[in-house]
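Notes for the one structure printed next.
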Amino acid sequence: MQGLHIALPKLGLIPINLHRPIPSGFMVKQVRIINKADIWYASINIQCDVKVPNPIPHGHPIGVDVGLTKFLATSDGVVVKSPKFLKVMQSKLKLLQRRLSRKKKRSKNYQKQRIKVARIHHTIDNTRKDFHFKQAHALCDAGDMVFMEDLDYRTLAKAMLGKQMLDAGFGQFRTITKYVCCQRGKFFGEVNARGTSQECPECGAEVKKDLSIRVHHCQKCGYLTDRDVASGQVIRNRGIELISTAGHVGIQNAYTDAYAYVEISQSRSKSKTRKGTTRKSLK
């Protein structure tokens, strides 16, 4: 790095738009050149010999329930409406893709139109990621411990509402929330997602309800609240139970790679070894 230029092998000094200066005490370890939608980016990896302690459970807990109707609902009653990034830009994207289909392939006009379509997708991706970072920081501002479900969103994206699931980007949001919690010293945990919408957060009784019922009303204790907020409170209660019995329930892993965080999960998809003989072992 030399001012507003970056020195690359075989290319020399290249002028760049430096987003932020490199902090003192860090050294550049790697530079990745990325091309997205005919726009060039330089991703700079820096390193410093400093040990960052893993966040420990402390402070106010928050349970987060994500969904398509409401992007997220927290145990504190905060509800965020789903912005639907692709749906907002879908009409413009449809027009550009129709124009692209009428161009002669491998022609100059085809390449120009292809770049226009790619930039629309790039804009949608950047808008979604910016929204996820803002919501992750808002969760860290509201509490000290953040708990989410351990759902496999790749499987859910193959269902009937796959387009809406991919548009919301729940998997990316969970990954970004882990990263932001680590950077800000907040604890992040994942809990078992089974039955979070069918359980009362006050008394623990089972309350059967389908997707058309958007209000949680427990007949046993009389607790009444929004369905998604109740799910967030159940997630919070399960998270508190996990950290209080971490030695007996769940799996606790400490990650210290690119960013360190602590993850507590009860994954239902964990593979188990098969016991007994098989046909292959008998041969």
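Worth a mention:
- Of everything listed in (1) without any contact (Cβ under 8 Å) to a residue 60 or more places away in the chain; (2) part of a helix (DSSP H, G or I), the single unmet condition for N45 is (2).
- Those residues of the stretch 166-184 which are farther than 21 Å from N54 by Cα and in a helix (DSSP H, G or I), in sequence order: L166, D167, A168, F170, G171, Q172
- When K29 is tested against (1) surrounded by 13 or more Cβ atoms within 10 Å (Cβ to Cβ); (2) not in a loop (DSSP other than H, G, I, E, B), just one condition goes unmet, and that condition is (1).
- Enumeration of residues in the stretch 83-127 that are within 28 Å of A73 (Cβ to Cβ), open to solvent by less than 90 Å² (accessible area, probe 1.4 Å) and in a helix (DSSP H, G or I): F85, L86, M89, Q90, T123, I124, D125, N126, T127
- Each residue in the stretch 1-16 was checked for being touching a residue at least 12 places away in the same chain (Cβ under 8 Å) and open to solvent by 90 Å² or more (accessible area, probe 1.4 Å), and 1 of them qualify.
- Matching residues in the stretch 158-171 - criterion: being under 14 Å from the mean Cα position of the chain (by Cα) and open to solvent by less than 70 Å² (accessible area, probe 1.4 Å): M165, D167, A168, G169, F170, G171
- Residues satisfying the criterion are absent from the stretch 42-54 (criterion: open to solvent by 80 Å² or more (accessible area, probe 1.4 Å) and within 30 Å of R114 (Cβ to Cβ)).
The values are calculated or read from the model by the stated rules, or taken from the named source; none is laboratory data. As the structure is a computational prediction, the values presented were derived from the model and not from experiment. Please note: Cβ atoms are built from the backbone with ideal geometry, for glycine as well, and neighbour counts cover all protein chains shown. Surface areas here come from the heavy atoms of the whole protein model, side chains and all, with no ligands, DNA or RNA. Shrake-Rupley method; radii C 1.70, N 1.55, O 1.52, S 1.80 Å.
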